[in-house]
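Every number here is computed from the coordinates shown, using simple stated rules; none is lab data. In this text the structure is predicted, and so the values were computed from the model without any measurement. We place every Cβ from the backbone using ideal geometry, glycine too, and count neighbours over all the protein chains shown.
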Amino acid sequence: MIEPYEPKSCDSADELCCCQAIEIHVQGELDLSTVPRMRERLHEALSLQPERLVVDLSECTFFDAMGINMLLELHRRAWRQNAAFTLRGCSDRHYRLLALMGLRNVFDIESRRARSGFSVS
């Protein structure tokens, strides 16, 4: 499930809409059955040219290789657009899976301690 976002309206059709940050909350599973819709929504969010796209996984109960592949695809697209791409709310299970696939250093992962004001070493 994705929380809806409201696109910024433009004064003209030629004007590029741009926003500072968009945060998407993933709820439930991110797998073969949910990835196509999620990919579409995340591409819509990136089409708004945000400076930063945050994908919050705190309510994501499961993701598999399809979900990781989609996150990598979106990470590459954000990079090409010079937008930051951040994963927030990763559980220990998410961290382990990303580490097993050698991806923990690929993504900008916001730690729980960093959000609560503690320093992360």
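Here the spin labels are modelled as points 7 Å beyond Cα on the Cα-Cβ line, and at His25 and Leu48 they lie 1.5 nm apart. Ranked by how many other Cβ atoms sit within 10 Å of their own Cβ, fewest first, the residues His75, His43, His25 fall in the order His43, His25, His75.
Annotation: amide H-H contacts under 5 Å for Glu59 (H modelled 1.01 Å from N, sequence separation of 5 or more, or interchain): Val26. Derived scalar couplings between HN and Hα for the range 22-30 equal 10, 10, 10, 9, 8, 10, x, 9, 10 Hz in order, rounded to whole Hz, by the Karplus curve 6.51 cos²θ - 1.76 cosθ + 1.60 (θ = phi - 60°), x for Gly and Pro.
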